[in-house]
1. Angle between the Cα long axis of helix 91-107 and the longest principal axis of the chain, 0 to 90 degrees, nearest 10?
2. Along its three principal axes, how long is the chain when you only count alpha carbons? Whole Å, largest extent first please.
3. Hey, fewest Cβ within 10 Å first, where do 6, 95, 11 land in order?
4. Please report 1, 111, 76 as a ranked list, fewest other C-beta atoms within 10 angstrom at the top and most at the bottom.
5. What shape does the stretch 1-74 take by its C-alpha gyration tensor, where a ≥ b ≥ c are the square roots of the eigenvalues and a/c under 1.5 counts as rounded, a/b above b/c as prolate, and the rest as oblate?
6. Counting other beta carbons within 10 Å of each residue's own, what order do 25, 145 fall into, fewest first?
7. Taking the 0 to 90 degree range and rounding to the nearest ten, how far is the long axis of helix 47-63 tilted relative to the main principal axis of the chain, both from C-alpha atoms?
8. Residue-wise, which Karplus ³J(HN,Hα) couplings in Hz belong to the stretch 132-137, taking 6.51 cos²θ - 1.76 cosθ + 1.60, θ = phi - 60°, and x for glycine or proline?
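Please treat every number below as a calculation from the coordinates, not as lab data. Computed from a prediction, not measured in an experiment: that's the story for all the values here. Because the Cβ atoms are built from the backbone with ideal geometry, glycine has one as well, and the counts that use them run over all protein chains shown.
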Amino acid sequence: MELKLIQSFQINHDKLKRGMYISRVDGDIVTYDLRLKVPNAGDYLDNAALHTIEHLFATYVRSSSGSDNVVYFGPMGCRTGFYFITRGIDDAQAIELVKKAFDFTLNFEGMIPGSQRAECGNYLNHDLVGAKKEARDYLAVLEHVNADTLKYEN
C-alpha cells in the first residue's frame, strides 16, 4: 500500500498562525481547524486544559440549536488546537457557534460535564482554570475571524 500525504499535513505549519481555518470540504461536510496555538513554537495546550475544553465545547455544541449540524469536535494530537466538523451550515454560522462555545467555556461554573469516573476514561485529568484561560485567549483571536479569513495562507 502506498501511503498518501493527507491534506492537513500539506499545510506549512511553520507559517500557520492562531485562527480558524477550513481544513477540508467534503460535500456538505466541512472540517474546521481551530488553531489555538502557533505550531512548533514551544507553547502547547496543557493536556488537562485541552481535555476540559473538549468536554465543555462538545457539550455546548451538542446542546445548542445547531446540534444537528455537528459531526465531531476533538483535539489535535500536536496539542495546538481542535478539529470541528460540521454538516449543512455556512461558515458564518460555524464561526458563531465556535465563538459561543468558547464563551460558554470561559464563563462555565460547576462540575465539568462528563467528568465523572463512569463517564470519562481519564476523569482526573481536567483543568477548568486552564481551559478558561485558553478560551479567553482564543476568543480574542476569534474577534478577527470571518468567512474571508478562513483560508490557509501558504
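1. Approximately 30 degrees, to the nearest 10.
2. Its Cα atoms span 41, 38, 35 Å along the three principal axes.
3. 6, 11, 95
4. Values: 1 3, 111 10, 76 19.
Neighbour counts put them in this order, fewest first: 1, 111, 76.
5. Oblate, because a/c is 1.5 or more while a/b does not exceed b/c.
6. Working: 25 9, 145 19.
Ascending number of Cβ neighbours within 10 Å: 25, 145.
7. 90 degrees
8. Result, ordered by residue: 5, 4, 5, 5, 4, 4 Hz.
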